[in-house]
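Down below is the structure, laid out as structure tokens.
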Amino acid sequence: MLLRLAYLGVTNALALLRLLPMSDRDKDAEILALRHQIMVLERQLHGDRIRFTPADRAWLAALLHSLPRPVLRHLRLPVRPETVLRWHRDLIARRHARRSRPRRPGRPPTIRSIRRLVLRLARENSSWGYRRIHGELLVLGVKVAASTVWEILKDAGVDPAPERGSSTWSAFLRSQAQALIAADFFETVTLTGARLYVLAVIEHASRRIRVLGVTAQPTASWVAQAARNLVMDIEDTSSQVKYLIRDRDGKYPALFDTILADAGIETVLSGVRVPRMNSIMERWIQACRHEMLDRTLIFNQAHLLHALREYEHHHNDHRPHPGIANARPRQPLPDPITEPAALAQPRIRRHDRLGGVLHEYENAA
């Protein structure tokens, strides 16, 4: 169409130049001849409509739109004056639509920060659907359409809320960490070959460890007394413990769960041969073996209890834990050193436990 329109412009410009030297009489004669030709054409068409190309319509509309409508009615044209005016309106509308068309089709893209926020809300709240997330965004002052939230979740492969509403075991442990403790037995062997059993409890929120005792014979009365000691310790520290996770070991008597239930602590049993359900306790046992027991020769029960107490103090007061942002169970992280002189010549002092099996470092006063 553009090429055709350019051709018509050039040819009519040349025709205009040809008309300049002509007199008014010659122009009137040519106009009469053209009008007669139009009459002959209409007579031969027998009422059929003439087909105009888009370029022809644009050119005729550009030439005739400035003429008043009464003048157009007296012109001998193959179309009605209303048709010429309609062609001109369509030409202006297409031009306006072309200029108003956005460079990129569709709605503008959602900025990445909003997309990340939507995915974060969906990841941290498995029961929220796209409308609940949309409402939370409005509370935060982020105005987007609910359909935009739906598109973001769909593009990211996030299932609808009913299909991702089931909570995983790890998510349950994280959400209930303040009210959770875990207990487990593990065993070790002395130099004489005697087998000793250790009962320990760890807090999920703070990672604080409690060694409840060591025995060669974990009888029902011994385990029940360890439960009583645990309950008294929890009451002294005002801990809000509601659940205790343990495995299905036969060393736990029914009285163990009864004592805890009387204190308002419900026992949660892990699955059969599923150590990951008590992963935090299992991880501490692994660290205790790797950092202390595997590097120490245990002589007897008293020696083992002493070594475990030393490791308990090391674990609770000094050892950083990645699960709680490298803090310590009973001590927060100190303020970072910002003085250049202190960083250039740090004064670090080492403190040994168990004869050098465990090393603790601190800044010298």
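The values are calculated or read from the model by the stated rules, or taken from the named source; none is laboratory data. In this text the structure is predicted, and so the values were computed from the model without any measurement. Here the Cβ positions follow ideal geometry from the backbone for every residue, glycine too, while neighbour counts run over all protein chains shown.
Here are a few things to note about the model shown:
- Number of positions in segment 82-122 that are surrounded by 12 or more Cβ atoms within 10 Å (Cβ to Cβ), at pLDDT 85 or above and not hydrophobic (A, V, I, L, M, F, W, C): 1
- Per-region count, segment 349-363, residues of a type in the set (A, V, I, L, M, F, W, C) and part of a helix (DSSP H, G or I): 1
- Number of the condition not met by GLY129 [criteria: (1) more than 23 Å from ALA156 (Cα to Cα); (2) modelled with pLDDT of 75 or more; (3) surrounded by 12 or more Cβ atoms within 10 Å (Cβ to Cβ)]: (1)
- In segment 210-317, counting only helices (runs of 4 or more DSSP H) that sit wholly within it, the ones holding 3 or more residues that are out of contact with any Cys (no Cβ under 8 Å at 6 or more places or on another chain) and farther than 28 Å from GLY355 by Cβ span 220-237, 254-262.
- From the list ARG330, ARG319, ARG295, ARG276, the lone residue that is crowded, with 16+ Cβ neighbours inside 10 Å, closer than 30 Å to TRP222 by Cβ and in contact with a helix residue (DSSP H, G or I) (Cβ under 9 Å, 6 or more places away or on another chain) is ARG319.
- Test: residue in segment 148-160 that is in contact with a helix residue (DSSP H, G or I) (Cβ under 7 Å, 6 or more places away or on another chain), at pLDDT 85 or above and not in a helix (DSSP H, G or I): yes
- Tally of residues being assigned to a helix (DSSP H, G or I) and in contact with a Pro (Cβ under 9 Å, 6 or more places away or on another chain) across segment 176-196: 0
- Some residue of segment 255-265 being in the same structural domain as ARG289 (by TED's automatic domain parsing), touching a residue at least 12 places away in the same chain (Cβ under 8 Å) and under 15 Å from MET281 (Cβ atoms): no
Yes or no, residue by residue, for (1) surrounded by 18 or more Cβ atoms within 10 Å (Cβ to Cβ); (2) farther than 19 Å from ARG276 by Cα; (3) out of contact with any helix residue (DSSP H, G or I) (no Cβ under 7 Å at 6 or more places or on another chain):
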| position | (1), (2), (3) |
| --- | --- |
| LEU196 | yes, yes, no |
| ALA205 | yes, no, no |
| ALA220 | no, yes, no |
| SER238 | no, yes, yes |
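- Unique match (being at pLDDT 90 or above and within 30 Å of THR192 (Cβ to Cβ)) among ILE298, ILE259: ILE298
- Any hit, segment 334-348, residues being among the basic types (Lys, Arg), outside any helix (DSSP H, G or I), outside the structural domain of LEU212 (by TED's automatic domain parsing) and surrounded by 10 or more Cβ atoms within 10 Å (Cβ to Cβ): no
- Test: residue in segment 248-259 that is crowded, with 19+ Cβ neighbours inside 10 Å and within 26 Å of HIS321 (Cβ to Cβ): no
- Selection status of SER206, among the polar types (S, T, N, Q) and under 33 Å from the mean Cα position of the chain (by Cα): yes
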